[in-house]
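To start, the structure itself, in structure tokens.
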Amino acid sequence: MRTAAFRSVHGVLWAGLGIALGAAGPARAHFQVLYTAETALDSGRAMHVMMLFTHPGHGGPSMDMGQPEGFYVVSQRGEEAAPVKTDLMQYLEPVRWHAEQGQAQAYQADLPRTLARSLGDYVFVLEPAPFYESGEDKYIQQFTKMLVNVGGVPGNWGAAVGLPAEILPLDKPYANWTGGVFRGVVVASGRPVPNAELEVEYLNYALDLEGHRFASEPEVQYPQGSFGTLSIKANDRGEFVIGLARAGWWGICALTVGTDTEHEGKPLSQDAVLWIQVKDMR
Amino acid sequence: MRKTLAQWAGLAAALMLLTPASAHSPICNCYDNGDGTVTCEGGFSDGASAAGVAIRVVDGEDRVLIDGKMDDSSSFSFTKPDQEFHIVFDAGQSHIVTIFGEDIE
């Protein structure tokens, strides 16, 4: 299992903070964030998408992203239609994400309405460059999905994109009530990964998309270090279930499930990340 | 063998139980293409295709201006009328969606 104890990259400032917090610091998981404000749209609209490599349960620290290897959307209107892949690399714009420990390279994209004005599902995919984690002397590459639906017509929300590491939803990622559950299957190149290790974090600090920083105050206080990053295991078919205790965004990351295990002569962890949005029933 | 009324009633009840659930809702969305045409897309909440579903463009006095059907991709495009209009996506009883021209962006 990877936790901050093994993945710490935070330098002197964060080491100092760790000392201030005490020896038993909270576990933090690296998460590739792929965010847009609203995933269940009544009709198509222009979208602002934020891409950030960070620790969402703790509002940082954030790490420098390299130039992504891929950024695209696979859309489908209705379950009988064919999926359509649209490359979005031209919309990538580098931005500096502000954080207590300095700034981190992040990316954003302003997508025109014409890209997502049809009914159906839109599976946004980010294939980031491998990130060198000096604390572990290894690379991490998190293949990340975030889904948007327009108009309530379902499409390819449960289908595989075909990533080296991927979480297949068993429930729609854009239609979840607080108090419900979310289910998925961890796959590597389409094959289920038995007993996969997963980490789950709540996006506990709102994203300030104008100022490119996290909100200063968290949404919730963790009673103990185990709660910031929830560690779970998939069953022998690669399936998992998580409870959705609060409205907002939940990130799910399956660790080291991809088949590529080396990058530039060092170990490589290919992870699968899926983001889901949860709403209160009111 | 002749069936009794009770047997027929039982058969009817069994058939009703076998009838697939029909909880889907019709969905239609239209957008202005910016070139004088409008495209409407249809579908259902269970992901079913809307190919072949009737669609009508109607004026303010309920006169049908254009009478058409959704194509194989569940879409229908038409030239935007000069006068006030609305669109009726008609997938049968209780499966009708109406969209007013002024709401189309």
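Only the coordinates and a few stated rules stand behind these numbers; no lab work does. Bear in mind that the values here come from a model prediction, so they are computed numbers and not experimental data. Please note: Cβ atoms are built from the backbone with ideal geometry, for glycine as well, and neighbour counts cover all protein chains shown.
With unit charges on the beta carbon (Lys/Arg positive, Asp/Glu negative), name the residue among B:Ile104, A:Thr256, B:Tyr31 whose Cα is farthest towards the positive pole of the charge dipole of the protein assembly as shown.
A:Thr256
Taking the Cβ of A:Phe71 as the centre, find all other residues whose Cβ is under 15 Å away and add up their charges (Lys, Arg: +1; Asp, Glu: -1). Intermediate values should be presented prior to the final figure.
Details: positive: A:Lys85, A:Lys145; negative: A:Glu69, A:Asp87, A:Glu93, A:Asp110, A:Glu127.
In short, -3.
When the helices in chain A are scored as -39500 (n - 2.57) per DSSP H run of 4 or longer and the sum is shared across all residues, what 222 nm value do you end up with, to the nearest 500 deg cm²/dmol?
-1500 deg cm²/dmol
Given labels modelled 7 Å from the Cα in the Cβ direction, how far is it in nm from A:Leu209 to A:Ala160?
Here the answer is 3.2 nm between the modelled labels.
Alpha carbon centre of segment B:41-105 versus segment A:187-248: separation in Å?
So the separation of the two Cα centres works out to 42 Å.
Do any cysteines in the protein assembly as shown lack another Cys Cβ under 4.7 Å, and if so which?
Lone cysteines by the Cβ rule: A:Cys253, B:Cys28.
Put +1 on the Cβ of every Lys and Arg and -1 on every Asp and Glu Cβ in chain A; which of A:Gln142, A:Val187, A:Gln90 then has its Cα farthest towards the positive end of the dipole?
The residue sitting farthest along the positive end of the dipole is A:Val187.
Can you tell me the length gained on complete extension of the stretch A:Leu268 to A:Gln221, counting 0.36 nm per residue apart and subtracting the Cα distance? Walk me through the intermediate numbers first.
Working: separation 47, 0.36 × 47 = 16.92 nm, distance 3.30 nm.
Gain on extension, A:Leu268 to A:Gln221, equals 13.6 nm.
If each residue of separation counts as 0.36 nm, what is the full-extension length gain between A:Glu239 and A:Lys279 once their alpha-carbon separation is subtracted?
Value of the extension gain: 12.1 nm.
Modelled label-to-label distance, A:Asp42 and A:Asp87, 7 Å Cα→beta-carbon offset: nm?
Modelled inter-label distance: 3.6 nm.
Rounded to the nearest 0.05, what FRET efficiency do B:Asp72 and A:Arg246 have when you use their Cβ-Cβ distance and R0 = 56 Å? Let's see the in-between values first.
Working: r = 43 Å, r/R0 = 0.77.
Once the sixth-power term is evaluated, E becomes 0.85.
Given points 7 Å out from each Cα along the Cα-Cβ axis, report the B:Val64 to B:Gln83 separation in nanometres with one decimal.
That separation, rounded to one decimal, is 1.7 nm.
Quick one: net charge of B:His24's neighbours, Cβ under 12 Å, K/R +1, D/E -1?
That works out to -2.
For chain A, modelled as a GNM with alpha-carbon contacts under 10 angstrom, which of A:Ala116, A:Ala165, A:Ala46 fluctuates the most?
Checking each option, the largest mean-square fluctuation is seen for A:Ala46.
At 0.36 nm per residue, minus the direct Cα-Cα distance, what do B:Thr39 and B:Phe100 gain on full extension? Give it in nm, one decimal, please.
20.6 nm
Okay, which of segment B:73-105 sit inside 19 Å, backbone N to the point 7 Å along the Cα-Cβ direction of A:Thr114?
Within reach of a label on A:Thr114: B:76-80, B:105.
Between helix A:11-21 and chain A, what is the angle of the helix's C-alpha long axis to the longest principal axis, kept within 0 to 90° and rounded to the nearest 10?
That works out to roughly 80 degrees.
Roughly how big is chain A's charge dipole about its Cα centre, with Cβ charges of +1 (Lys, Arg) and -1 (Asp, Glu), in debye to the nearest 20?
For chain A, the charge dipole is close to 460 debye.
Ignoring GluC sites (Glu not before Pro) that are buried or in helix or strand per DSSP, and keeping those with at most 16 other beta carbon atoms within 10 Å, what is the longest stretch of chain A between them? Each step should come with its number before you reach the end.
Details: sites that count: A:Glu38, A:Glu69, A:Glu80, A:Glu100, A:Glu136, A:Glu210, A:Glu219, A:Glu264.
With GluC sites (Glu not before Pro) excluded where exposed in loops, chain A gives A:137-209 as its longest stretch.
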